[in-house]
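Peer 1: I have a structure I would like to understand better, so I am pasting it below and will then ask my questions one at a time.
The values are calculated or read from the model by the stated rules, or taken from the named source; none is laboratory data. Just so it is clear, the model here is predicted, and its values are computed rather than measured. Cβ placement follows ideal geometry from the backbone for every residue including glycine, while neighbour counts extend to all protein chains displayed.
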Amino acid sequence: MVKRGFTVVLVAGLLAALSASGTGVAADRPASVEARDLRAFCERLAETAQALRARIGEIQATQERIRAKIASGELRPRQEARAKHALRSLEALQQELEEKLARVVALYEEKCI
């Protein structure tokens, strides 16, 4: 029992020492590291925005194909119902991605420009 208590106290002391030294190291970060981190963050935001735009474009192309198939009149009633349901789902997904894109662009403009 005493060994376990001693071990717990020892581990807690080591963790506290490591935490204190880590905080000290983080406080002494040079400005160049912070600038590099910001640049990397901005690059990731730009890549994310580009990926979202590409995905939205893919969704829009799929929607157009579905709309064309519905308009052609070739679908049976059940197929048409499924196509309309898929179209509604894609529209909801597109709306969600557009909102996410707006947030990413706003964050990019706030932090990177």
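Peer 1: Would you confirm whether any residue within the stretch 47-57 is more than 15 Å from the chain's Cα centre (by Cα), surrounded by fewer than 13 Cβ atoms within 10 Å (Cβ to Cβ) and on the phi < 0 side of the Ramachandran plot?
Peer 2: yes
Peer 1: Sort through Gln95, Gln63 and tell me the only one that's more than 22 Å from Lys111 (Cα to Cα), modelled with pLDDT of 95 or more and surrounded by 15 or more Cβ atoms within 10 Å (Cβ to Cβ).
Peer 2: Checking each option against the conditions leaves just Gln63.
Peer 1: Restricting to the stretch 69-85, name every residue that is aliphatic (A, V, I, L, M) and surrounded by 10 or more Cβ atoms within 10 Å (Cβ to Cβ).
Peer 2: Correct list: Ile70, Leu75, Ala81, Ala83.
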